[in-house]
Every structure is written in structure tokens, then in C-alpha cells.
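*Asks:* Shown below is the structure under consideration.
The values are calculated or read from the model by the stated rules, or taken from the named source; none is laboratory data. From a predicted model like this one, the values you see are computed outputs, not experimental measurements. Glycine also receives a Cβ, built like all others from the backbone with ideal geometry; neighbour counts cover every protein chain displayed. SASA here: full protein model, heavy atoms, side chains in, ligands and nucleic acids out. Shrake-Rupley method; radii C 1.70, N 1.55, O 1.52, S 1.80 Å.
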Amino acid sequence: MSHQEVFDLVVKHTREVVPELDGHTFEATDSLRELGANSMDRADIIMMTLEALSVSTPLAELAGANNIGELAKLIHDKSTA
Amino acid sequence: MTSRLPDRHDAVITGLGVTAAVGQGKKEFASALFEGRHAFAPLRRPGRSAPTADPEAPFLGAELSELPVPEGVRARTLRTASLSAHAAVLTLDEAWREAGLDDADPARIGLVVGGSNVQQRELTRLHARHADQPAYLRPTYGLTFMDTDLCGICTERFPIRGFAHTLGGASASGLLAVLQAVWAVRSGQVDVCVALGALMDLSYWECQAFSAMGAMGSHRFADDPGAACRPFDRQRDGFLFGEACGAVVVEREGARRHPEPYARVLGLATAVDGNRDPDPSLAGEISVIEGALAEAGLPAGDVEYVNPHGTGSLIGDETELRALRESGLGDARINATKSITGHGLSAAGAVEVVATLLQMRERRLHPTRNLVDPVDPSFRWVRQAALPFPFETALSLSMGFGGLSSAICLGKWR
């Protein structure tokens with residue numbers, strides 16, 4: 001799974017959790033928080049992405065991501081660890 | 001003519017909402033009641049039949065058709081909202097609009113959601129989905145598994161800022177929520193309080209247990225769902241489940257400019273029998289009937305209409321009729337709303353207050369389905385067809401497992 005594919009999964013699940021973003025063009029620099037995803041929304045988005053990748057990791061280890069690109073990189077790193 | 005209604009009570013009911021399998025919204029619901037329509041069929045909602053269940057022997061009951069999205073409720077909210085929560089916000093929406101609560105002070109509005117453990121089917125499905133992979137359980141489960149999520153969703157959508165909580169009382173939950181709302185208004189805690197009877201979303205586990213304990217029918221009428229739900233009939237063999245939700249807006253008369261009320265709340269009573277079992281208690285039922293009438297200041301003979309608990313339970317129906325007879329209510333008109341709606345469990349008491357008040361305003365009583373051979377034919381039953389019947393006083397009863405009895409006495413507003 002490439003970094004881009006992980007990014008696409010995060011975007012897919014963000015659209016599912018926050019349907020209002022359906023028409024939004026996602027960039028790596030987008031912040032989930034600034035896009036309107038609250039803390040519970042963000043936790044669900046991450047968990048759905050981890051499940052899709054069969055990656056198991058404490059959510060706290062992904063808390064440092066400042067935007068979707070960084071989040072996708074952290075998850076990608078976990079998936080290849 | 002002098003009024004039979006005491007005037008010292010100032011809690012009035014100004015808005016109603018209802019969502020039931022026979023009809024969503026008061027208009028559709030009332031027409032189903034008066035026509036005696038039903039929606040009983042094998043239960044098909046996912047999670048309501050065991051994976052190993054015999055497809056030839058499904059549980060019977062009544063399920064809602066697809067619910068619309070109420071105005072102002074976001075799709076992202078509904079993604080994680082249970083069926084019970086969706087029905088709650090939809091039903092509240094109807095009652096809120098009718099009572100014109102956008103004009104009320106949010107800090108003076110409360111919400112009591114009647115019911116506990118109401119989201120069982122959704123939880124069962126989630127547990128099954130994650131049984132082999134609990135690590136991927138959605139974090140939102142930590143919010144949504146609690147019934148109080150219904151309070152959260154309703155108060156996020158509607159400006160209710162006085163208080164909001166749930167109140168569990170088994171099958172009396174819906175009426176107990178109405179009672180609590182009245183007390184909150186009478187005490188001055190708030191000016192307006194919405195009581196909601198939450199949709200009890202049974203999973204196959206609860207259906208199985210209710211069936212095994214002999215509470216839920218119908219084995220006798222498995223091939224004829226329309227004939228299966230028959231409160232007070234000698235052929236009854238238990239209650240049939242019916243998905244439902246009811247909302248009742250209670251407020252202190254004159255605390256704000258409100259629409260013309262349906263009714264005044266004349267009297268209330270609740271009792272516990274010291275009985276953990278499902279058995280009904282004649283003494284408990286008589287005590288709440290007498291308590292509600294005493295508070296209302298009404299002699300039993302002045303109650304014109306009784307909306308009974310009447311589930312189709314073998315012993316429960318007989319006990320309730322004895323309680324009504326011994327309390328002097330044997331001459332009131334009576335029907336059975338659950339013969340049409342099924343038993344909404346936590347929702348029932350609120351839905352039946354709605355049914356009582358719709359009948360009061362329409363000046364007629366709905367028929368009782370399948371009442372072919374009444375347990376006690378001497379009561380003044382409304383049987384095959386709706387009956388024109390202008391009335392001003394009514395009593396509604398709700399009972400629950402664990403020795404709970406409750407009653408409310410209502411008087412037409414004028």
C-alpha cells in the first residue's frame with residue numbers, strides 16, 4: 001500500500017464521516033479539525049482507516065499529525081513497520 | 001352546565017409528536033387509529049432474528065417504514081445515530097413545531113427521555129461485527145451505547161438548555177417520563193418540559209427472552225399476523241412488539257404565549273409493588289388509579305374514557321380490568337391502542353397519551369382490533385369501528401416489570 005493509497009483511504013473515510021465535505025478537493029495540507037471534523041469524528045476516521053489496512057496501533061501514536069498528509073504518513077509507516 | 005373539571009391544576013399539554021409503524025406523524029397515526037389499520041408482520045429488521053433462527057417461525061410485530069431526515073439534522077449526526085435516536089429527534093420535531101417552542105426561553109425548557117437499554121438491536125449488531133476484531137470498534141461507541149445519546153442528539157438539534165436526562169421504568173417509561181415532565185413544570189424547575197417515550201429497539205435476544213417467558217406472542221396466530229395482537233380477547237397469547245416513539249410537550253399554563261392546549265393534566269400517580277417479577281399487582285394498579293383521581297378531584301364515575309395498558313398479556317389484561325372495575329371505572333368507554341400499534345415498551349405510555357389526546361380532540365374513539373370475545377364483556381368496549389364520542393375526561397395507565405404502575409388523568413382544555 002503506497003502513501004497515496006493511504007491518503008486516499010483517509011479521504012474516503014473523512015467523506016463518509018463528514019458528508020458535508022463530499023464536494024471538497026482534499027489536499028495533504030488540509031487539517032481534519034479545520035475541515036470541521038470534531039475529535040470524535042477524527043477518531044472514527046482514523047479507526048476506519050486502520051481497519052481497512054488491518055493495522056493495529058494506539059490512536060495516541062497518531063495524535064501528532066497536523067494534517068491529512070502527515071496522518072497518512074504516520075499510518076503508512078505503521079502499516080509497513 | 002357546571003364544569004366537572006377542577007381548575008387548580010396549571011400543567012397543560014400543548015404539543016404532540018408520534019412515530020409508529022401504522023403512521024408517522026399525528027395525521028397519519030390518527031387515521032390509522034380510527035380506521036383500525038395494522039402493520040403486523042414477521043419482524044425483518046437486521047438483528048431481530050437470531051443467525052440460527054428458523055425462517056419459518058419468525059417473531060411477529062410492527063416495524064417502522066423508512067424515517068425521513070428531520071430538518072436541521074445533519075447527515076454526519078445520523079451516521080452514528082441509532083434508530084431510537086433518529087425516531088426521537090424526528091418525533092420531537094413534530095411536537096416542538098406544534099407547541100411553537102422556538103419562541104420559548106431555552107433555559108426554561110427540559111427534556112425527559114423515557115426508557116433504558118433502548119438501543120439493544122444496534123448494540124447487538126455492533127458487537128457481532130467487532131466480535132473478532134474489537135480493536136477496530138469505533139471510538140464513538142463510547143458515546144452512542146448510552147441511552148443518553150438520545151438526549152445529546154435532541155438537545156444539539158433543539159435549543160433545550162434547562163435539563164435533559166433519561167428515565168427508566170420498563171414498559172411504564174413513557175408515561176413516567178410524562179409524569180416527571182409534569183412535576184418539573186409544577187415545581188418551577190422549568191416552564192416547558194418535553195417527555196419522550198423512546199423507541200425500544202429490541203434485538204433477537206430480547207425477543208427470544210420475552211417469547212420464552214411467555215410475555216411475547218404469538219405462536220397461536222403465526223400464520224395470520226393481523227389477528228395476532230388481541231388485547232383483552234380470550235384468544236390472546238401475549239403482546240406483539242411495535243416500534244414507536246411519542247413526544248408530549250408539557251408546560252405551565254400562561255408562562256409564555258403558547259398554542260391552545262389539548263388538555264390539562266388533572267392528576268398523576270405512580271407506585272411500586274415491591275415485586276421484582278413481571279407479575280401485575282391488583283393493589284398497585286388500584287392505588288395509582290385512585291391516586292390520580294384523588295389528585296384530579298374527580299369521582300371515578302366522571303371519567304368518561306380509559307386508555308388502558310392492555311398489552312395482550314394473559315394475566316396482565318385480566319388484572320387491569322379487575323383494577324378498573326374495583327376502582328369504579330367499569331362504566332367508562334374503553335379501547336386498546338396496542339391492538340393497533342403493538343407494544344412499544346418504553347414508548348408505549350407516551351404514545352398512548354398522544355392517542356388519548358388525539359381522540360379527545362377528534363371527539364371519537366378508535367376501535368379495538370381483534371376484540372372478538374372480550375375477557376369481560378360487561379365493559380363498554382369500542383370494538384369493530386370508531387365511535388363518535390365527545391369526552392372531556394380520560395385516564396391512561398402504564399405498567400412495567402419490576403412492580404411499576406402509573407396513571408395520568410387528563411381533562412380537555414377549554
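*Asks:* Could you check A:K78 against (1) in a helix (DSSP H, G or I); (2) within 14 Å of chain B (Cβ to nearest Cβ); (3) under 11 Å from the mean Cα position of the chain (by Cα); (4) not acidic (D, E) and say which number it fails?
*Replies:* (3)
*Asks:* Just to be sure I understand, how many residues within region B:380-391 are without any contact (Cβ under 8 Å) to a residue 60 or more places away in the chain and open to solvent by less than 40 Å² (accessible area, probe 1.4 Å)?
*Replies:* Number of matching residues: 1.
*Asks:* Output yes when any residue across region B:209-216 is in contact with a Lys or Arg (Cβ under 8 Å, 6 or more places away or on another chain) and not in a helix (DSSP H, G or I), and no when none is.
*Replies:* Scanning region B:209-216 turns up no residue that is in contact with a Lys or Arg (Cβ under 8 Å, 6 or more places away or on another chain) and not in a helix (DSSP H, G or I).
*Asks:* Additional query: Step by step: first the residues of region A:18-42, then only those that are closer than 18 Å to B:T77 by Cα and either crowded, with 19+ Cβ neighbours inside 10 Å or β-branched (V, I, T) (or both), then the one that is nearest to the other protein chains (Cβ to nearest Cβ). Which residue is that?
*Replies:* A:V18
*Asks:* Looking only at region B:33-47, how many residues end up being surrounded by fewer than 24 Cβ atoms within 10 Å (Cβ to Cβ) and touching a His at 6+ places or on another chain (Cβ under 8 Å)?
*Replies:* Number of matching residues: 2.
*Asks:* If you take the residues in region B:115-134 that are within 13 Å of another protein chain (Cβ to nearest Cβ) and out of contact with any helix residue (DSSP H, G or I) (no Cβ under 8 Å at 6 or more places or on another chain), which one is nearest to A:A60 (Cα to Cα)?
*Replies:* Among those that are within 13 Å of another protein chain (Cβ to nearest Cβ) and out of contact with any helix residue (DSSP H, G or I) (no Cβ under 8 Å at 6 or more places or on another chain), it is B:P134.
*Asks:* Whether any residue in region B:285-299 is open to solvent by 10 Å² or more (accessible area, probe 1.4 Å), touching a strand residue (DSSP E or B) at 6+ places or on another chain (Cβ under 9 Å) and without any contact (Cβ under 8 Å) to a residue 40 or more places away in the chain is what I want to check.
*Replies:* yes
*Asks:* Something else: Could you tell me how many of the residues in region B:242-254 are over 12 Å from the mean Cα position of the chain (by Cα) and closer than 24 Å to B:G23 by Cα?
*Replies:* Looking only at that region, the number is 2.
*Asks:* Would you check which residues across region B:138-174 are within 23 Å of the chain's Cα centre (by Cα) and within 14 Å of chain A (Cβ to nearest Cβ) and list them?
*Replies:* B:T144, B:F145, B:M146, B:D149, B:G152, B:I153, listed by residue number.
*Asks:* Here's a follow-up. Quick one: would you say B:D93 is surrounded by fewer than 23 Cβ atoms within 10 Å (Cβ to Cβ) and not in a helix (DSSP H, G or I)?
*Replies:* no
*Asks:* While we're on this one: Which one of these does B:D273 not meet: (1) under 22 Å from B:A407 (Cα atoms); (2) within 20 Å of the chain's Cα centre (by Cα)?
*Replies:* B:D273 satisfies every listed condition except (2).
*Asks:* Confirm whether B:A87 is away from chain A (no Cβ under 14 Å) and in contact with a Cys (Cβ under 7 Å, 6 or more places away or on another chain).
*Replies:* When the stated conditions are applied, B:A87 passes them.
*Asks:* Quick check: anything in region B:175-183 touching a residue at least 60 places away in the same chain (Cβ under 8 Å) and either within 14 Å of another protein chain (Cβ to nearest Cβ) or part of a loop (DSSP other than H, G, I, E, B) (or both)?
*Replies:* So far as region B:175-183 goes, no, none of its residues is touching a residue at least 60 places away in the same chain (Cβ under 8 Å) and either within 14 Å of another protein chain (Cβ to nearest Cβ) or part of a loop (DSSP other than H, G, I, E, B) (or both).
*Asks:* Here's another thing I want to ask about it. Anything in region B:43-71 that is in contact with a helix residue (DSSP H, G or I) (Cβ under 6 Å, 6 or more places away or on another chain) and either within 14 Å of chain A (Cβ to nearest Cβ) or not in a loop (DSSP other than H, G, I, E, B) (or both)? List them, or say none.
*Replies:* Hit for region B:43-71 is B:L60, nothing else.
*Asks:* A further question on this structure: Determine if region B:224-233 includes at least one residue that is in contact (Cβ under 8 Å) with a residue 12 or more places away in the chain and surrounded by fewer than 18 Cβ atoms within 10 Å (Cβ to Cβ).
*Replies:* Yes, there is a match, as at least one residue in region B:224-233 is in contact (Cβ under 8 Å) with a residue 12 or more places away in the chain and surrounded by fewer than 18 Cβ atoms within 10 Å (Cβ to Cβ).
*Asks:* Related question: Name the pairs whose Cβ atoms lie under 9 Å apart, with the first residue in region B:36-56 and under 14 Å from B:I340 (Cβ atoms), the second open to solvent by 70 Å² or more (accessible area, probe 1.4 Å) and of a type outside the set (S, T, Y), and 6 or more positions between them or separate chains?
*Replies:* B:G36/B:Q384
*Asks:* Something else about it: In region B:105-142, what residues are aliphatic (A, V, I, L, M) and buried (at least 24 other Cβ atoms within 10 Å of the Cβ)?
*Replies:* B:I109, B:L111, B:V112, B:V113, B:V118
*Asks:* Only one of (1) open to solvent by 70 Å² or more (accessible area, probe 1.4 Å); (2) in a loop (DSSP other than H, G, I, E, B); (3) away from every other protein chain (no Cβ under 14 Å) fails for B:K27. Which number is that?
*Replies:* All conditions pass for B:K27, except number (2).
*Asks:* For residues that are within 21 Å of B:R138 (Cα to Cα) and more than 14 Å from chain B (Cβ to nearest Cβ), scanning just region A:1-11, find the one that is most open to solvent (accessible area, probe 1.4 Å).
*Replies:* Restricting to residues being within 21 Å of B:R138 (Cα to Cα) and more than 14 Å from chain B (Cβ to nearest Cβ), the top hit is A:D8.
*Asks:* Does B:R97 satisfy being of a type in the set (K, R) and modelled with pLDDT of 95 or more?
*Replies:* Here the answer is yes, as B:R97 does meet what is asked.
*Asks:* Also, quick follow-up: Looking only at region B:96-137, which residues are under 21 Å from the mean Cα position of the chain (by Cα), part of a helix (DSSP H, G or I) and either outside the structural domain of B:Q24 (by TED's automatic domain parsing) or not aliphatic (A, V, I, L, M) (or both)?
*Replies:* Across region B:96-137, the qualifying residues are B:W96, B:R97, B:E98, B:Q120, B:R121, B:E122.
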